[in-house]
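Notes for the one structure printed next.
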Amino acid sequence: MERVSPWLLLVVLLVAAASGRSARGDPQVPCYFVFGDSLVDNGNNNDIASLARANYPPYGIDFPGGATGRFSNGLTTVDAISRLLGFDDYIPAYAGANNDQLLSGVNFASAAAGIRDETGQQLGQRISFGGQLQNYQAAVQQLVSILGDEDSAANHLSQCIFTVGMGSNDYLNNYFMPAVYATSRQYTPEQYADVLASQYTQQLRILYNNGARKVALMGVGQVGCSPNELAQQSSDGVTCVARINGAIEIFNRKLVELVDQFNTLPGAHFTYINAYGIFQDIIRSPGANA
């Protein structure tokens with residue numbers, strides 16, 4: 001039997017609560033839209049000139065369809081969420097979605113993507129969050145055509161769940177790559193978090209202005225504990241990189257403030273998912289993810 005980590009259950013409960021429905025039924029919501037990076041990309045990078053691709057083995061070795069573009073051996077977190085929400089199938093990549101699939105939601109995520117357009121450029125092509133929003137706006141126009149008018153599309157989208165997880169690459173594939181990017185010389189960690197939060201706010205406003213009302217905003221996890229950073233920047237290869245995690249904590253605090261701001265808008269129900277804290281809980285209780 002497939003096992004799901006406790007934080008996924010937490011996400012489902014939060015988004016179900018945001019939908020104003022009970023956590024029972026099939027499905028809980030009519031549609032689910034996904035934005036993010038390699039943590040949730042399920043194939044949008046497959047046909048672009050990028051090193052950030054996962055449509056070959058050993059990716060997908062435990063997935064029924066083999067290597068699909070997911071940066072995982074099997075399901076991603078959003079696959080598990082879509083299943084728990086009661087969808088018959090996983091949310092498809094926007095790159096290959098048809099009109100019928102748009103009605104139940106699509107996945108816009110792209111590996112190496114960031115809040116900043118230049119983030120991840122050393123890996124080749126990728127769809128930044130700004131590009132993902134452009135694709136979403138095009139999808140909204142398609143929904144208007146499918147449903148007949150803007151009011152019908154707006155009503156449909158107001159019932160959808162949106163999950164957005166950006167920011168990891170803006171640190172790992174930007175700020176903490178001084179040989180490639182100048183941001184760490186231009187900004188202190190506090191200033192950089194402010195710059196990111198300001199741009200993120202403008203981008204999320206586009207999402208809101210185009211119908212998104214129920215949004216789960218994922219905080220950035222402890223990327224200073226990732227294997228790559230442990231190998232390259234840890235003093236002993238085991239201890240998490242404090243300066244990276246410290247910068248992430250500053251950014252996450254800005255996200256909490258951002259969520260509070262958006263929840264003052266008419267109809268908005270934004271939820272902050274504390275991925276950083278959840279990661280700590282799993283470390284303290286390793287059996288919790290067994």
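Sorted by average packing, counted as other Cβ atoms within 10 angstrom per residue and highest first, what order do 192-202, 48-58, 122-132 take? Let's see the in-between values first.
On the way: 192-202: 18.4, 48-58: 15.2, 122-132: 21.1.
My ranking of the peptides, most packed first, is 122-132, 192-202, 48-58.
Amide H contacts of GLY105 (H built 1.01 Å from N, in plane; Pro and chain starts excluded): TYR32 sit under 5 Å, all sequence-distant by 5 or more or on other chains. For a Förster distance of 25 Å, can you work out the FRET efficiency between the beta-carbons of GLN134 and LEU265, rounded to the nearest 0.05? With a Förster radius of 25 Å, E is 0.70.
Treat the count of other C-beta atoms within 10 Å as a stand-in for reagent exposure and order THR239, THR163 from fewest to most. Show your work: numbers first, answer last.
Numbers: THR239 11, THR163 25.
Fewest to most other Cβ atoms nearby, the residues stand as THR239, THR163.
Of the peptides 169-177, 270-278, 139-147, the ranking by mean beta-carbon count within 10 Å, highest at the top, reads 169-177, 270-278, 139-147.
Helical runs (DSSP H, four residues minimum) scored at -39500 (n - 2.57) apiece and divided by the length of the chain put the mean residue ellipticity at 222 nm at -12500 deg cm²/dmol.
Peptides 244-251, 35-42 ranked from most to least packed by the mean count of surrounding Cβ atoms within 10 Å: 35-42, 244-251. Where the centre of each part is set by its Cα atoms, how far does segment 66-145 sit from segment 220-262, in angstrom? Segment 66-145 and segment 220-262 have Cα centres spaced 24 Å from each other.
I need the shape label for segment 133-184. Rule: rounded when a/c is under 1.5, else prolate if a/b > b/c, else oblate, with a, b, c from the alpha carbon gyration tensor. Numbers along the way, then the final one.
Details: a/c = 6.15, a/b = 3.20, b/c = 1.92.
Prolate.
Between 0 and 90 degrees, the angle of helix 242-262 with respect to the longest Cα principal axis of the chain falls at about 30 degrees.
Coordinate-derived values only; no laboratory data. No experiment lies behind these values; they were computed from the predicted model shown. Note that each Cβ is placed from the backbone with ideal geometry, even for glycine, and that neighbours are counted across all protein chains shown.
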